[in-house]
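The values are calculated or read from the model by the stated rules, or taken from the named source; none is laboratory data. Because the structure is a prediction, the values reported are computed rather than measured. All Cβ positions, even for glycine, are placed from backbone atoms using ideal geometry, and neighbour counts span all protein chains on display. Side chains are part of the model used for accessible areas, which takes the heavy atoms of the whole protein and leaves out ligands, DNA and RNA. Shrake-Rupley method; radii C 1.70, N 1.55, O 1.52, S 1.80 Å.
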Amino acid sequence: MVPGRRPSDRKMGRDISRSGGRSVGLGIALILLVVVAYIPAIQAGYIWDDDDYVTENGTLRDAAGLRRIWLEVGAVPQYYPLVHTTFWLEHQLWGLRPLGYHVTNIALHVLSAILLFVLLRRLEVPGAWLAAGIFALHPVHVESVAWITERKNVLSGVFYLSALLAYVRFAGIGLSGSAGAMDIDNGVPRRGAGRWWFYALSSLLLICALLSKTVTCTLPVAALLLIWWKRDRIRWRDLAAAAPLLALGAAGGLLTAWVEKHKVGATGAEWALSLVDRCLIAGRAVWFYAGKIVLPSDLTFIYPRWRIDSGLWWQYAYPLAVIGVIVVLWLMRRRLGKGPLVGVLFFVITLGPALGFVNVYPMRYSFVADHFQYLASIGLIVLLAGAGVSVWRRFEGWAACTRWTTGLGVAGVAMLAAGLVLHTSEQARAYQDEKALWTSVLAGNPGCWMAHTNLGSILESEGKVTEAIAHYGKALQFNRDAYPIHNNLGSALSKRGCLEEAIEHYGRAIRLEPRDPRPHRNQAIALARNGQIDEAIDRFGEAVRLDASCPESQVEMADLLASKGRVDEAADHYNKALALRPGWLTPLNNLAWLLATRPDVSFSEANQAVRLAEEACRSTHDSHPGCLDTLAAAHAAAGSYDKAVAAARKATELALASGQEQLAVKIRGRLTLYEGGRPYQQRQTSRDVKRLLGLGPRPQSLRSNATIQ
């Protein structure tokens, strides 16, 4: 026996050891269940706007990009620098392989579940492990975990729960008989240096949470709610301590609202909602989210957008019912305890930023989304788990056979876990790729015009033009004023050779959104194919004016100008394309050909043509007959006929070897000129543009942040 150690101390130590061992075992089991549930996500690729956040995010490539992430608002889709910093680090580690990003999301989600357990155990909430397990395995969270872009949720969740745990330690609530880092005097925490360390830690973690996602701005209110629950009152000192954190949250929320409006594009008719409309949306959303937690059926990536009408009396039932439930729980708090009221208030308050009072871009498509309630769901999940455990304990006290009731309870929890794993795994399959995603959306929401548009775009890229046209047609049935639908339908019709119809739909897209250069560009392509070269040049001019940074538009504009003999203007656009994309083969070769074959070529232009053609040949390792043909013409223009003959002969051999017999015949004709000491000169016409690009329209894919590509 250890001197001075009582038997009761040894018993307490054994109890703590057994409890710790049980917690470790449950934690390992929870991790394994989450991994099993999210196997489809681990095997998934990228979806929707993952390209804006990862695959096409230029800030992830170097240190300068990391600096922009933190210092330049607008450098990334939303100003959540910690989120994009994690993406930056991962990009350095495993590039664009999606596996690492998915595993990171799952790991962060598991960590949040474990932190939730630790917090609930400190607060002495019954069923802490059950609540943490339901949170980890609930299918409503698949959207937050399986969608790489929603790193915002899982990362902010870790910081949020860590900050709340630190604040609970600061406030000295929970774990009866233990004040944590401070002393207790008559039930009231005494000020001391130790507890302020937890306050500083909580503040730092809240800042990290806000830099991951500003929906976490409600944390100080949640902390005050827990203090009221445990102490039955809130003192002025509690409000004073929470005030700086409330200010931080408000600042973060205001910044996000500004970014959503001015950078993301959450402005326009879809957001022209009155305060009454927003209250109706909020009330309905609360019941919607609660229903998905209790019965997670018919989950989908995009839910139907409700028609809000303040003139319909029944729509007021939703917010009034929310208020009614809160009032009833308040009146019955002495009989039921404050736990149910705290759970419901936590749920509603944490949902607050996503209830429609602040404009966010996804409201264009729907007022609700599963990922909006990632943190808020904790309130109802904990409430339901605690209620279930309390009821079960009463049943155990009533039942005569404890072993039988324990076995029944374990079996019930096992069945619940198995059901959640299966449902979550099935839901995660919808996030395998974009095609699976939009197909699943249409299965649950067949009237989703955006899903029809995006699925049509995918089918069009697969060459299934007829199916794509069918989906674009359905999209127009539900929304005739979305310009990307008209643009995409024009693209598909153009590929079918229906150029007049395509031009008409492009025109509608331009009228609906004249500021987007892509419908202008696509219509220009259709006009050129239809023989309307002058009209095509005008339309390309508008596309270039709207977006001078698009090298493809610069090249296509140059090709058409060259076809009309406007050589100097064409050369200017080729040079702009090369400035935007140095070393790009198409403008290198086209500009070299244009200069080398113009009738009035100067000596300097001929030498420039040689330099450009040599660079084009180097980039293709002298294996492209078209580039060698251009090099031959450039050498002839510069008077180097021996080099011209050698390049032309090699070009002929390569053309024949690759089955391009017509090209070989044309090169032989030019070779005859070079052998006779004459250059090749060509007057471009609209019917014969030697280096005209294979012009093709591009369908657009609708995104969550107004980026359409």
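For this structure, a couple of remarks:
- Answer residue from region 498-522, given it is open to solvent by 20 Å² or more (accessible area, probe 1.4 Å) and over 13 Å from Tyr483 (Cα atoms) and is nearest to the chain's Cα centre (by Cα) among those: Ile503
- Residues that are of a type outside the set (D, E, K, R), assigned to a helix (DSSP H, G or I) and open to solvent by 40 Å² or more (accessible area, probe 1.4 Å), drawn from region 648-662: Leu654, Leu656, Ala657, Gln662
- Pick from region 524-567, criterion in a loop (DSSP other than H, G, I, E, B) and basic (Lys, Arg), ranking: nearest to Cys498 (Cα to Cα): Lys564
- Output for region 246-275, where each listed residue is part of a helix (DSSP H, G or I) and within 30 Å of Gly311 (Cβ to Cβ): Ala257, Glu260, Lys261, Ala269, Glu270, Trp271, Leu275
- Screening region 264-280 for residues that are touching a Phe, Trp or Tyr at 6+ places or on another chain (Cβ under 8 Å) and within 24 Å of Val322 (Cβ to Cβ) and picking the one that is surrounded by the most Cβ atoms within 10 Å (Cβ to Cβ) gives Leu280.
- In region 37-75, the qualifying residues are those that are closer than 23 Å to Gly252 by Cα, among the charged types (D, E, K, R) and open to solvent by 50 Å² or more (accessible area, probe 1.4 Å), and the one that is farthest from the chain's Cα centre (by Cα) is Arg67.
- If the condition is being part of a helix (DSSP H, G or I) and within 26 Å of the chain's Cα centre (by Cα), then region 205-223 contributes Leu205, Leu206, Ile207, Cys208, Ala209, Leu210, Thr214, Val215, Thr216, Cys217, Thr218, Leu219.
- Meets criteria (touching a residue at least 12 places away in the same chain (Cβ under 8 Å), under 24 Å from Phe478 (Cβ atoms) and either touching a Cys at 6+ places or on another chain (Cβ under 6 Å) or not in a loop (DSSP other than H, G, I, E, B) (or both)) for Leu299: no
- Every residue from region 557-581 that is open to solvent by less than 10 Å² (accessible area, probe 1.4 Å), modelled with pLDDT of 90 or more and not aliphatic (A, V, I, L, M): Asp559, Tyr574
- Taken as a whole, the structure places Asn488 among residues that are open to solvent by less than 50 Å² (accessible area, probe 1.4 Å) and either out of contact with any strand residue (DSSP E or B) (no Cβ under 8 Å at 6 or more places or on another chain) or closer than 28 Å to Ile47 by Cα (or both).
- Count of residues meeting criterion [surrounded by fewer than 24 Cβ atoms within 10 Å (Cβ to Cβ) and in contact with an Asp or Glu (Cβ under 8 Å, 6 or more places away or on another chain)] in region 461-485: 1
- Given (1) β-branched (Val, Ile, Thr); (2) assigned to a helix (DSSP H, G or I); (3) open to solvent by 30 Å² or more (accessible area, probe 1.4 Å), number of the condition Ile234 does not satisfy: (2)
- Beta carbons closer than 6 Å, at least 6 apart along the sequence or on distinct chains, never pair a first residue in region 545-566 that is within 12 Å of Ile533 (Cβ to Cβ) with a second that is polar (S, T, N, Q) and surrounded by fewer than 16 Cβ atoms within 10 Å (Cβ to Cβ).
- Wholly within region 76-174, helices (runs of 4 or more DSSP H) carrying at least 2 residues that are touching a residue at least 12 places away in the same chain (Cβ under 8 Å) and of a type in the set (Val, Ile, Thr): 81-94, 98-122, 142-146, 151-171
- Test: residue in region 164-180 that is open to solvent by 10 Å² or more (accessible area, probe 1.4 Å) and under 24 Å from Val36 (Cα atoms): no
- When region 334-381 is limited to residues that are in a loop (DSSP other than H, G, I, E, B) and β-branched (Val, Ile, Thr), the one that is least open to solvent (accessible area, probe 1.4 Å) turns out to be Val368.
- Boolean, Ile458 is surrounded by fewer than 23 Cβ atoms within 10 Å (Cβ to Cβ) and within 23 Å of the chain's Cα centre (by Cα): yes
- Selected residue (only one of Trp314, Trp330 is more than 36 Å from the chain's Cα centre (by Cα) and either among the polar types (S, T, N, Q) or in a helix (DSSP H, G or I) (or both)): Trp330
- For region 583-637, the candidate set comprises residues that are of a type in the set (Asp, Glu) and part of a helix (DSSP H, G or I); within that set, the residue that is surrounded by the most Cβ atoms within 10 Å (Cβ to Cβ) is Asp629.
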